[in-house]
1. Quick check for you: which residues of region D:38-56 have the amide N under 16 Å from the point 7 Å beyond the Cα of D:ASN92 toward its beta carbon?
2. Just report the Cα centroid separation between region D:4-47 and region B:150-178, whole Å.
3. For A:LYS65, place a label point 7 Å out from Cα along the Cα→Cβ vector, do the same in each other copy, and report the separations in nm, one decimal, smallest first.
4. Would you mind giving the mean number of other chain beta-carbons within 10 Å of the Cβ of each residue in B:164-171, as a whole number?
5. One decimal, nm, shortest first: give the distances between the label point of D:ILE182 and those of the same position in the other copies, each label point 7 Å from Cα along Cα→Cβ.
6. Describe numerically, in nm with one decimal, the distance between label points set 7 Å from Cα along Cα→Cβ at B:GLU24 and at D:SER6.
7. Just to check, using Stokes-Einstein with a Kirkwood Rh over alpha carbon pairs, what's the diffusion coefficient of region D:7-163 at 25 °C and 0.890 mPa s in µm²/s?
8. Using the structure shown, list the pairs from B:LYS59/D:LYS206; C:LYS225/D:LYS223; B:LYS183/B:LYS206 with a Cα-Cα distance above 26 Å, or answer none.
There are 4 protein chains.
Amino acid sequence: MTSQESDSLVLSSDPLHPANLIPELCRSFYQLGWVTGTGGGICIRVGDKVYIAPSGVQKERIEPKHIFVLPYPQAPASPHTDRVFLRRPALNLKESACTPLFWNSFDLRNASSCIHTHSQHAVMATLLWTGPVFKISHQMIKGVRIAGTGIALSYLDTLELPIIENTPNEEDLKDSMAEAMIKYPNAPGVLVRRHGVYVWGNDWEKAKTQTECLDYLFEIGVKMKLAGLPTVLNE
Amino acid sequence: MTSQESDSLVLSSDPLHPANLIPELCRSFYQLGWVTGTGGGICIRVGDKVYIAPSGVQKERIEPKHIFVLPYPQAPASPHTDRVFLRRPALNLKESACTPLFWNSFDLRNASSCIHTHSQHAVMATLLWTGPVFKISHQMIKGVRIAGTGIALSYLDTLELPIIENTPNEEDLKDSMAEAMIKYPNAPGVLVRRHGVYVWGNDWEKAKTQTECLDYLFEIGVKMKLAGLPTVLNE
Amino acid sequence: MTSQESDSLVLSSDPLHPANLIPELCRSFYQLGWVTGTGGGICIRVGDKVYIAPSGVQKERIEPKHIFVLPYPQAPASPHTDRVFLRRPALNLKESACTPLFWNSFDLRNASSCIHTHSQHAVMATLLWTGPVFKISHQMIKGVRIAGTGIALSYLDTLELPIIENTPNEEDLKDSMAEAMIKYPNAPGVLVRRHGVYVWGNDWEKAKTQTECLDYLFEIGVKMKLAGLPTVLNE
Amino acid sequence: MTSQESDSLVLSSDPLHPANLIPELCRSFYQLGWVTGTGGGICIRVGDKVYIAPSGVQKERIEPKHIFVLPYPQAPASPHTDRVFLRRPALNLKESACTPLFWNSFDLRNASSCIHTHSQHAVMATLLWTGPVFKISHQMIKGVRIAGTGIALSYLDTLELPIIENTPNEEDLKDSMAEAMIKYPNAPGVLVRRHGVYVWGNDWEKAKTQTECLDYLFEIGVKMKLAGLPTVLNE
C-alpha cells in the first residue's frame with residue numbers, strides 16, 4: 001500500500017481538473033438535495049487514476065486537498081482490504097465507503113465517472129415501486145444512454161432500473177449491485193431501496209446529466225404514482 | 001452552407017449581448033428546474049441574426065463561444081436539411097434540435113425570442129389535462145400577452161394553451177406545433193404532452209417573463225387539480 | 001406634477017439606502033417565488049420620501065436608477081390621477097400599480113414599508129379558506145405583530161387575515177383593502193383571493209420578516225388542510 | 001454581570017472562527033427554510049466560550065459584530081436571571097431566547113454546538129406523529145449518532161426522537177426539553193410540537209450534518225405517512 005503524500009496529483013489551476021471539479025460538483029449536488037448530511041458523492045477516472053471524495057464529510061465543503069487518488073485497475077482484492085492509493089489526504093480523512101461500488105461501474109461498464117445520491121426522489125421511487133425494478137415510459141428518457149455508456153435511449157423505449165436491497169454497510173452492496181448490472185445489462189444505474197441511486201457515464205458530464213435525467217424521472221414518476229396516473233404505457 | 005468561423009459574432013463585453021445573455025439565462029433556468037439534464041433552452045433573434053445554444057450540453061455551463069448564429073429568414077427548406085449558419089462553434093457541438101420549433105415562433109408570431117422548458121409543472125399539466133388544451137382562469141393571467149406578442153390578457157380572460165402529442169425526435173414536432181399555433185391564434189405558447197412547453201415573446205425579457213407566468217399557472221393549476229379545486233370558473 | 005429627474009435621490013454607496021435595498025430584496029424575493037413574471041414588489045418609506053420599484057419589469061433585475069420616488073403624504077387624490085413624483089426614471093418605465101395599496105399601509109397603519117407577493121402559498125390559502133378570513137393557531141405566530149406595526153402576537157393567539165376578492169386592475173383593490181384593514185384592525189396583512197398578499201411593517205426589516213412568517217403560515221396551513229389536519233385549535 | 005465590550009472576541013480573519021461561521025451557516029440555513037422570519041439559530045462552544053446569535057433578527061444578515069459571547073459553565077441560575085456575558089453587541093440586540101435550551105445540550109450531553117430550526121418538515125412530523133415520539137427505521141439513519149455525541153447509529157436501528165409540547169416563551173421549554181433528554185438518553189435531538197427541533201453534536205460540523213440528516217428523515221417520513229407507507233418496519 002502506498003501512503004505517499006502526493007499533493008501535485010490534486011493541485012491544478014485548471015477548473016476542469018478532477019480535484020477541482022469534484023468539490024464544485026458536490027456543492028451543486030448539495031443544492032439539489034442529493035448529498036445532504038455527508039451522504040453521496042462522485043468519482044472521476046482519468047486514464048489510470050481515480051479521484052474520489054472522502055467519506056463522512058460535508059460534501060459542499062470539500063477542497064481539492066481532501067481528494068483521494070487511486071490507481072486503476074487495482075489488483076484483485078476483496079472489499080475492505082489491500083486497496084492501493086496514489087494519494088491519501090494528510091488530514092485524518094476516511095476513504096469513501098462507495099469505492100467498491102464506483103469500481104463496479106468501471107469494471108462492468110467501462111464507465112469513467114459514477115455518482116451516488118441520496119435524493120428523496122430516488123428513495124421514494126424505491127418505496128412506491130415495491131418490486132425489483134423501477135419502470136417508466138413516455139417521459140424525458142432520451143437523456144439517458146443504454147447501459148449508461150452506450151447510445152441514447154429513445155422516447156419510445158421503456159426505462160428499466162433495477163432496485164437492490166440496502167445493507168447496513170455501503171461496501172456490502174458491491175456484489176448485489178454487480179449482479180443487478182449483469183442481470184440488467186442495459187440499465188444506466190442501480191437504485192438501492194430506502195437509500196439512493198448509483199449512476200455512471202463515459203465521463204463526468206455524462207454521469208452528471210444522466211443523474212439529472214434519472215432524478216427527474218424518479219420525481220415525475222413518484223408524482224404520477226401519487227396522482228394515480230400510469231407510469232408505463234402500452235404494457 | 002456557410003461554415004465560416006466568426007467569433008466576433010459572439011464575443012462582446014455587453015452583458016445584454018445575446019451570446020452573453022443566453023449562458024446567463026440558461027444558468028437561471030437550470031436553477032428553476034427547466035433545463036435539467038441538457039434539455040430545454042432559449043433562442044434570441046436580433047434583426048436578421050438568430051442566436052441559439054447547442055444541443056445536448058449542460059445548459060448551466062454554456063459559454064458565449066458555444067453559441068450558434070443563423071441568418072433570418074432562411075430559404076424555405078425542410079427540417080434537417082440545408083440550414084444556413086453564420087457561425088458554428090469550433091468545438092464538436094450539435095445544433096439545437098429545437099431550431100425548427102423556435103422558427104415557428106418567428107414565422108407565425110413574429111416573435112424575437114423563444115424558450116423551451118422541460119419543467120415538471122408543464123409536464124404534469126399535460127398529464128392532468130388529458131384533452132388537447134390546458135385551460136385556467138382567475139389566476140395571474142395578466143402577465144401573459146395574447147398570442148405571446150400582442151396586448152396583455154386580463155384577469156377576466158380564460159387562458160387556453162394547446163397541447164400537442166410528443167414525437168421521438170424534437171424536430172418532428174414542427175408541423176403539429178405550427179398547426180396548433182394556427183388553430184389557437186391567441187395562444188402564447190404550446191405544451192408538448194409528456195415533454196414540456198414552448199413560449200415566445202417580442203424580446204427575451206417578454207419571452208422569459210411569460211414563461212415564468214405560464215410555469216406559475218401550470219404549477220398552481222396542477223396543485224388545484226390535485227386538491228379537487230376547479231381550475232376554470234364560470235364555464 | 002413634478003417630472004424633474006433627480007438621480008441623486010437614488011444613487012448612494014450605502015447598501016442600506018432604499019434604492020439599493022429594493023433591488024437586492026427583489027432578487028431575494030424572486031428566489032423565493034414571490035415576484036415571478038414581473039409581479040409583486042416592495043416599497044420603502046423614509047421620512048417624507050417613498051421609494052417604489054417600477055411596474056411590469058423583471059423584479060430580479062431592477063437597478064437603483066429604475067426606482068421611483070414619491071413624496072409622502074400626497075394631496076388627496078383619486079387613484080390614477082394627479083399623483084406627484086419627486087423622481088421618475090429616465091427610461092420608459094411605468095409606476096407601480098401597487099402604489100395606492102402601499103399607501104393604505106402608510107395611511108391606515110403608519111407603516112414604513114409594504115411588500116406584495118404572488119406566492120403560491122398565499123394563493124392556495126385563499127382557495128382553501130373559502131370565506132373572508134384566513135385563520136391559523138398554534139404555529140409560528142409570534143413572529144407577526146398586531147396590526148403589523150404593534151406588539152408581537154403570542155403563540156396562544158389565533159392569527160386572522162382578511163381575504164378580499166381580486167379585481168382586474170390592481171389599483172381597484174384600494175377601497176376593499178382599506179375596508180378590510182378597518183374591519184380587521186389587528187390584521188398584519190391582507191390576502192387577495194387568487195392573487196397574493198400585502199404585508200407591512202414599521203420598517204423594511206419588519207415588513208420582510210413578517211412576510212416570511214406569514215408565507216410560512218400559509219404554506220404550513222395549506223399542507224395541514226390537504227392532510228386533513230385542523231388549522232385552528234380550541235375553537 | 002459583565003457588560004464589557006470585547007470586540008476582539010468576535011473579530012477574526014479565520015473563516016472557521018465561530019463569529020464568522022455563525023453568520024455563514026445562518027445564511028445557509030435561511031436558504032434551507034430553517035430560520036425564516038428571524039426564527040431558529042445556532043450556537044458554537046469552544047472551550048469555555050459560547051458564541052450565540054442574537055434574537056429577533058434576520059438570520060441571513062447576521063454579522064460577526066452581532067454575536068454574543070458567554071462563559072461556560074455559568075454559575076447555577078434560574079432561566080432569565082443572572083446570566084453572565086463576556087461580550088454583548090454594542091447595538092440594541094436581545095440575547096437569544098434559545099440560550100437555556102442550547103445549555104441543555106452542553107450540560108446533559110456535553111455537546112459543543114446546538115442548532116434550532118423551524119423547518120416545516122420538523123413541524124409536519126410533530127403533527128403527523130401525534131404521540132410523544134417520532135420514530136422511523138430503514139432510512140438514512142446512520143448519519144446520526146447515539147445521543148448526538150456518541151457512536152453512529154446503524155441502518156438497522158430505529159431512530160426515536162422525543163416530541164415535547166410547545167410553550168409561548170421559548171425559554172420555558174428548558175425543563176421539558178431536559179426531561180425528554182433524560183427519558184430518551186439516546187436521542188440526538190428533541191422535537192417541539194408545532195414549533196421545530198433542537199439538534200446537537202460534538203462540534204458544529206456534526207451538529208449541522210446531523211440536523212441535515214434528521215431534517216431529511218422528517219421530510220421523507222412525512223412523505224411516507226401521507227402516501228400511506230409504514231415508517232417503521234418490523235415493529
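The values are calculated or read from the model by the stated rules, or taken from the named source; none is laboratory data. This structure is a prediction, so every number in the text was calculated from the model and none was measured. Neighbour counts are summed over all protein chains in view; Cβ atoms, including those assigned to glycine, are modelled from backbone coordinates with ideal geometry. The area values use the complete protein model at the heavy-atom level, side chains included, leaving out ligands, DNA and RNA. Shrake-Rupley method; radii C 1.70, N 1.55, O 1.52, S 1.80 Å.
1. D:55-56
2. After rounding, the separation between the Cα centres reads 49 Å.
3. 3.1, 3.1, 4.4
4. Mean shielding count: 2.
5. Here the equivalent label points are 5.8, 5.8, 8.2 nm apart from this one.
6. Here the answer is 4.8 nm between the modelled labels.
7. Values: Rh = 17.0 Å.
Value of D from the Cα-based Kirkwood radius: 144 µm²/s.
8. On the way: B:LYS59/D:LYS206 35 Å; C:LYS225/D:LYS223 15 Å; B:LYS183/B:LYS206 23 Å.
Over 26 Å Cα-Cα: B:LYS59/D:LYS206.
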